[in-house]
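The values are calculated or read from the model by the stated rules, or taken from the named source; none is laboratory data. Note that the structure is a prediction, hence the values are computed from the model and not measured. Glycine also receives a Cβ, built like all others from the backbone with ideal geometry; neighbour counts cover every protein chain displayed.
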Number of protein chains: 2
Amino acid sequence: MTDSRHTRIRSTARDVAQALGVSQSTVSRAFTEDASVSPQTRAAILRMAGSMGYKPNALARGLITNRSKIVGLVSGSVGNPFYADALQRFSQHLQQRGYQTLLFTAPAGHDVDALLPVVLQYQVDAVIVLSAPLSVATAEACERANTPVILFNRSLSGAKAHTVACDNMASAALVADWFAALDCRRLAFVAGRDDTSTNRERLQGFSSRLRERGMPLWRVVAGGDFTYEAGYRAMQTLLTTPDDAPDAIFFANDIMALGGIDALKLDQETASPRRPHTPSIVGFDGIAMGGWASYQLSTIVQPLEEMVAAAVRIVTDPPPEGQLVEAKLPGTMMVRVSASAPPASPEQSTRAAVLL
Amino acid sequence: MTDSRHTRIRSTARDVAQALGVSQSTVSRAFTEDASVSPQTRAAILRMAGSMGYKPNALARGLITNRSKIVGLVSGSVGNPFYADALQRFSQHLQQRGYQTLLFTAPAGHDVDALLPVVLQYQVDAVIVLSAPLSVATAEACERANTPVILFNRSLSGAKAHTVACDNMASAALVADWFAALDCRRLAFVAGRDDTSTNRERLQGFSSRLRERGMPLWRVVAGGDFTYEAGYRAMQTLLTTPDDAPDAIFFANDIMALGGIDALKLDQETASPRRPHTPSIVGFDGIAMGGWASYQLSTIVQPLEEMVAAAVRIVTDPPPEGQLVEAKLPGTMMVRVSASAPPASPEQSTRAAVLL
């Protein structure tokens, strides 16, 4: 870090071009392997650029257009610990296989549409998108890209992209089966963002299986956004008519279910008269907090390690050209106190015995 | 993605060298701007490499050695949501300022010693290290590097590195003051990893202020590792002699405090006879879960946004050569139900009213 460094930062391709009396595009081509520029001119430009401190982005201008051993990882909010965990596993899996991870984060509440074209400019071998909503614009960007795009835990019809996800439909059907086994009658679904495939598929798998069993889906609370606060509010909504509360609630993800459990606890401490029984609660993801003693959340555990490995395999062992991978891995129902058989009494659901 | 791509992957510098009848080191030098190789040879090598699909790592072999606009972010486990949050904020701050983030993750339980030299090989403008233990070997790697290293929420004496951290000593003293105001007498500290500066400084700030006030530090539970499970076990340890439990406990971080609260709740439901009162509990970090209704954790809130901004500023506006930044930002005491005045009764501490 020298003083000259401060000066160097400001040098641009234009400065280099002017110093040598060549055009800016010639400077640009000098940094691109296959571009037509004479070896002598290229060498002169590289020398001048070096002395002036001009440098094109090493990634954007990779000398050769082949594999960079760098993967672009595009993430939305990691406020949901499931995605923080996924991010870390991706970084480790890729690192172990000699790849580096270039991280891009979509601002909270934004989708990745604005970000994806930026990522695609880099010489990355693949782009992995997680935890961010996708739109048709993204699908188009995927299509234009020669870079493989892997959607993690998301699908997007029409996108020329690989997908790796948990089998949301089949997993959600397991929840319906479990509630049926518990003989629940008034079943509710608390939805996440309705523009996500995860939310749509979980609702669809749940309601389809209920229909097959001749059981009605008693109520859907819409407008959730996959946050603790949304789950808390949804439970308050479900409890507003005390005599007519659900006896089983499937939350579209774990962190909403934790909010729901907390709202339920407060209700149980304050409601008068006390409700006849505590609703069974099931989430989706398998985050660590669901196992904490205050929650003991029953949930669908996503096979996160296998999902990450499957996505990384697409990078390291790409399928033949034109083939798109669509991997759906099975989730597992984990039963804890929040939806245990027989239907939980208030005592059971608030007192959590835990072995650590 | 063509079939030839699969073949191309296997090409090495050696293949290129053999095809042209030059040495491997000549191939290597062709990809390094300042290396001595004639323009003609370089052009021939680049052409051959392109057709064979050989490509050196674009980052490792940056054409010019100046600023890459890429920052290496070295992270340990993000099992602690504080660091997941920090990671995301770093990514966004850097992105907004036109920098890209190259992410490196230390395997769980490992320190960054093995990783840092790898990161330093890349053409990154700076390395930011968060949530990973550091050793003298790391300090030496920093010293050898011409790349600025920024330790986030860590300090390491002897390291030629910038540091940005919360003022752990002064913040921990606030906790001692608060417990004194609550008239607590039997004060305990639950430690995190004892090889971390965060743990050492928090214990020191807490015990020093107690000493100033003539209050004894009744007990230190050592051997924690900053996890929920460690906090849970520490609380069980503190409660083994029912008549002699602490009346105030400072946990070295929030997530341990949440484990402690859960162990305490279970104890309150099962202990006979019931304990005379509930200990006041304070954590450190300010993670979102501390605000959840089941916990309502009093804590020191670290000024995370300001800390990230300060660290990023070192990257974007580096200090004059030879100057090391040592920023210590003040934490804020946030009082919630877990340590409210007057000392919490069992009812208060388990019933959490929350406004969302």
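Observations, loosely collected:
- Total residues in segment B:296-331, condition in contact with a strand residue (DSSP E or B) (Cβ under 7 Å, 6 or more places away or on another chain), in contact (Cβ under 8 Å) with a residue 40 or more places away in the chain and either assigned to a loop (DSSP other than H, G, I, E, B) or away from chain A (no Cβ under 14 Å) (or both): 16
- Filter result for B:L120 (closer than 24 Å to B:M307 by Cβ, surrounded by fewer than 22 Cβ atoms within 10 Å (Cβ to Cβ) and modelled with pLDDT under 70): yes
- Inside segment B:154-195, residues that are in contact with a strand residue (DSSP E or B) (Cβ under 8 Å, 6 or more places away or on another chain), hydroxyl-bearing (S, T, Y) and surrounded by fewer than 21 Cβ atoms within 10 Å (Cβ to Cβ) make up a count of 1.
- Restricting attention to segment B:88-104 and to residues that are within 7 Å of chain A (Cβ to nearest Cβ) and in a helix (DSSP H, G or I), the residue that is modelled with the lowest pLDDT turns out to be B:Q95.
- For segment A:169-187, the tally of residues that are within 27 Å of the chain's Cα centre (by Cα) and either in a loop (DSSP other than H, G, I, E, B) or of a type in the set (D, E, K, R) (or both) stands at 1.
- Boolean, B:L151 is assigned to a helix (DSSP H, G or I) and either surrounded by 17 or more Cβ atoms within 10 Å (Cβ to Cβ) or without any contact (Cβ under 8 Å) to a residue 60 or more places away in the chain (or both): no
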